[in-house]
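The values are calculated or read from the model by the stated rules, or taken from the named source; none is laboratory data. Everything numeric in this text was worked out from a predicted model, so none of it was measured. When we count neighbours, we look across all protein chains shown, and the Cβ atoms used for this are built from the backbone with ideal geometry, even at glycine. Please note that ligands, DNA and RNA were not included when accessible areas were found on the heavy atoms of the full protein model with its side chains. Shrake-Rupley method; radii C 1.70, N 1.55, O 1.52, S 1.80 Å.
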Amino acid sequence: MELSDSINPAVGIFHAACLENDLIEVKKTISPHVLDEPDSNGDTALHIVSSKGYIQLIQLLFHYNASRTIQNKNGLTAEEVALNDDTKNLFKLKKRPKSDSKHFIGSANEIEWLDTYRNAHRIAFENLEHMKRWVLKVPFTELLKKLREGYINHIKFRSDLSKKEIEGYLELVSDWEQPVGLITAYVSGGTGFCTALNYDLAKHGSNFRFLSIQNLFDSGYSDNEAPKRLGQYIFTALVINHSSFEKYQRTGLSYRGMSLTQSEIDQYKNGDIIMTRSFLSTSKTQQTADLFLSPSHEHKQDPSENKADEQKYPVLCVYDVVNSRSSLNLEPLSHFDEQEVLISPFVVFCVKKPADTSLYLDKPKDGVTLIHLKESNSNLK
């Protein structure tokens, strides 16, 4: 592939560095404005380095979230113009590591799951409005600084390498002021970041508003400053409210597994209202959620419990999102073959008993209980 003309001189310089396999110059010239810009042939930087088999540059562009789906004027993606099989293999979606075996599985006994309120709609709205004020009043750079220094630096990651990986994503977000990198950090496999984030979100639930207000009284900071000790909610506020995420918003069905006792299953009664307290990783496909479900005999009883009904049973939850701001399609941002849909905290759902399970399941699975959760219209503001 030869370098063709580009309308934008900056794009031309960037593409030339890519063509020459000049890693240093690529790092100097890369920016959000040139990353996915095509030349006169419709080729992006990723097309160029893929056609040449420049593995290190391909991995670098992946780190910067270069688009893999853009087609050139011949209708070909970067993967389709790859030099050889080794290059094509870089584009193959990965399988999630065993350390993330519960990525699509929730449990009622885990602190990061759901909370039930009679007045869930009002509470959800107040929570969302409280976080929205931060995004409107506090500069993006200040929010990000508080997220990095006041939260990320205090997480106990699975390894130093995992911490460096997440810090790299946050550095990219800071340098480019492009918050989409927050999601790249969330979907990173094996780092433990999303597990820690969701644990910390569920730990406080809606009480974060009272902690935020208490911070005002204790430290005397104004409401146009980033909140202290609430980095997990800064992350959430940016993901829910920043305009960069609008193109990823999604409505429709998605699937997530749960591991529940029979008594916990019985709590899901038709018409009950629940509200998410953390992010929920779901999938567009039932098959992905099924892969993370185990037969009931594989769910061992917790030895610390002494209840007769403590055996765990696999449950498949079908979420029906009707408000586009309530969930994001992460498929374009993830390197995993999961078709992930991320449901946000503080989304209100109503438990529904489906009359016909075939409307929600591609193939009913023996021994698995189905719970249908439809987003409540009262949650739309």
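Tell me yes or no: at least one residue of segment 164-179 is of a type outside the set (Ser, Thr, Tyr), under 20 Å from ARG325 (Cα atoms) and either crowded, with 20+ Cβ neighbours inside 10 Å or more than 17 Å from the chain's Cα centre (by Cα) (or both).
Taking segment 164-179 first, the residues of a type outside the set (Ser, Thr, Tyr) are 164-168, 170-173, 175-179.
Keeping just the survivors that are under 20 Å from ARG325 (Cα atoms) gives 178-179.
Remaining after also requiring either crowded, with 20+ Cβ neighbours inside 10 Å or more than 17 Å from the chain's Cα centre (by Cα) (or both): 179.
Within segment 164-179, one or more residues are of a type outside the set (Ser, Thr, Tyr), under 20 Å from ARG325 (Cα atoms) and either crowded, with 20+ Cβ neighbours inside 10 Å or more than 17 Å from the chain's Cα centre (by Cα) (or both).
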Pairs with Cβ under 6 Å, 6+ apart, first in segment 143-158 and within 18 Å of HIS242 (Cβ to Cβ), second open to solvent by less than 70 Å² (accessible area, probe 1.4 Å) and not in a helix (DSSP H, G or I):
LEU143/ALA226; LYS146/ALA226
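Restricted to segment 252-273, and to residues that are hydroxyl-bearing (Ser, Thr, Tyr) and within 15 Å of the chain's Cα centre (by Cα), which residue is least open to solvent (accessible area, probe 1.4 Å)?
So the first thing to find is which residues in segment 252-273 are hydroxyl-bearing (Ser, Thr, Tyr), and the list is 254-255, 259, 261, 263, 268.
From what's left, within 15 Å of the chain's Cα centre (by Cα): 254-255.
Details: SER254: 1, TYR255: 16 Å².
Result: SER254.
Table: residues versus (1) surrounded by fewer than 20 Cβ atoms within 10 Å (Cβ to Cβ); (2) among the aromatic types (Phe, Trp, Tyr); (3) within 26 Å of PRO179 (Cβ to Cβ).
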position	(1), (2), (3)
GLU20	yes, no, no
ILE24	yes, no, no
LYS28	yes, no, yes
HIS33	yes, no, yes
GLY53	yes, no, no
ARG68	yes, no, yes
GLY75	yes, no, no
ALA78	no, no, yes
ASN84	yes, no, no
Restricting to segment 13-58, name every residue that is hydroxyl-bearing (Ser, Thr, Tyr) and outside any helix (DSSP H, G or I).
SER31, SER40, THR44, TYR54
Residue selected from segment 146-163 under the condition under 12 Å from ARG229 (Cα atoms) and part of a helix (DSSP H, G or I), by the criterion most open to solvent (accessible area, probe 1.4 Å)
HIS154
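Evaluate the following for PHE140: is it in contact with a Lys or Arg (Cβ under 7 Å, 6 or more places away or on another chain), at pLDDT 90 or above and either surrounded by fewer than 20 Cβ atoms within 10 Å (Cβ to Cβ) or not aromatic (Phe, Trp, Tyr) (or both)?
no
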In segment 184-199, which residues are under 16 Å from TYR151 (Cβ atoms), hydrophobic (A, V, I, L, M, F, W, C) and open to solvent by less than 20 Å² (accessible area, probe 1.4 Å)?
ALA185, PHE193, CYS194, LEU197
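Has segment 117-127 got any residue that is modelled with pLDDT of 95 or more and of a type outside the set (Gly, Ala, Ser)? First the steps, then the outcome.
As a first pass, look at segment 117-127 and keep what is modelled with pLDDT of 95 or more: none.
Checking segment 117-127: not a single residue is modelled with pLDDT of 95 or more and of a type outside the set (Gly, Ala, Ser).
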List the number of the failed condition for SER278; all other conditions in (1) open to solvent by less than 40 Å² (accessible area, probe 1.4 Å); (2) modelled with pLDDT under 90; (3) part of a loop (DSSP other than H, G, I, E, B) hold.
(2)
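Could you please let me know if LEU90 is at pLDDT 90 or above and in contact with a Ser or Thr (Cβ under 6 Å, 6 or more places away or on another chain)?
Numbers: at pLDDT 90 or above: yes; in contact with a Ser or Thr (Cβ under 6 Å, 6 or more places away or on another chain): no.
In short, no.
Yes or no, residue by residue, for (1) under 20 Å from PHE292 (Cβ atoms); (2) open to solvent by 30 Å² or more (accessible area, probe 1.4 Å); (3) within 12 Å of the chain's Cα centre (by Cα):
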residue: LEU316; (1), (2), (3): yes, no, no
residue: VAL322; (1), (2), (3): no, yes, no
residue: ARG325; (1), (2), (3): no, yes, no
residue: PRO332; (1), (2), (3): no, yes, yes
residue: GLN339; (1), (2), (3): yes, yes, yes
residue: LEU342; (1), (2), (3): yes, no, yes
residue: PRO345; (1), (2), (3): no, no, yes
residue: VAL348; (1), (2), (3): no, no, no
residue: LYS353; (1), (2), (3): no, yes, no
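Considering only residues that are open to solvent by 30 Å² or more (accessible area, probe 1.4 Å) and either farther than 22 Å from PHE245 by Cβ or within 20 Å of the chain's Cα centre (by Cα) (or both), which ones fall in segment 123-137? Reasoning before the result, please.
To start, the set of residues in segment 123-137 that are open to solvent by 30 Å² or more (accessible area, probe 1.4 Å) comprises 125-126, 128-129, 132-133, 135-137.
Passing the criteria: LEU128, LYS132, VAL135.
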For helices (runs of 4 or more DSSP H) lying entirely in segment 164-256, having 3 or more residues that are without any contact (Cβ under 8 Å) to a residue 12 or more places away in the chain picks out 208-219
For the structure I just gave you, tell me whether LEU61 is aliphatic (A, V, I, L, M), outside any loop (DSSP other than H, G, I, E, B) and farther than 30 Å from VAL318 by Cβ.
yes
Look through segment 355-376, keep the residues that are open to solvent by 40 Å² or more (accessible area, probe 1.4 Å) and of a type in the set (Asp, Glu), and return whichever of them is modelled with the highest pLDDT.
ASP366
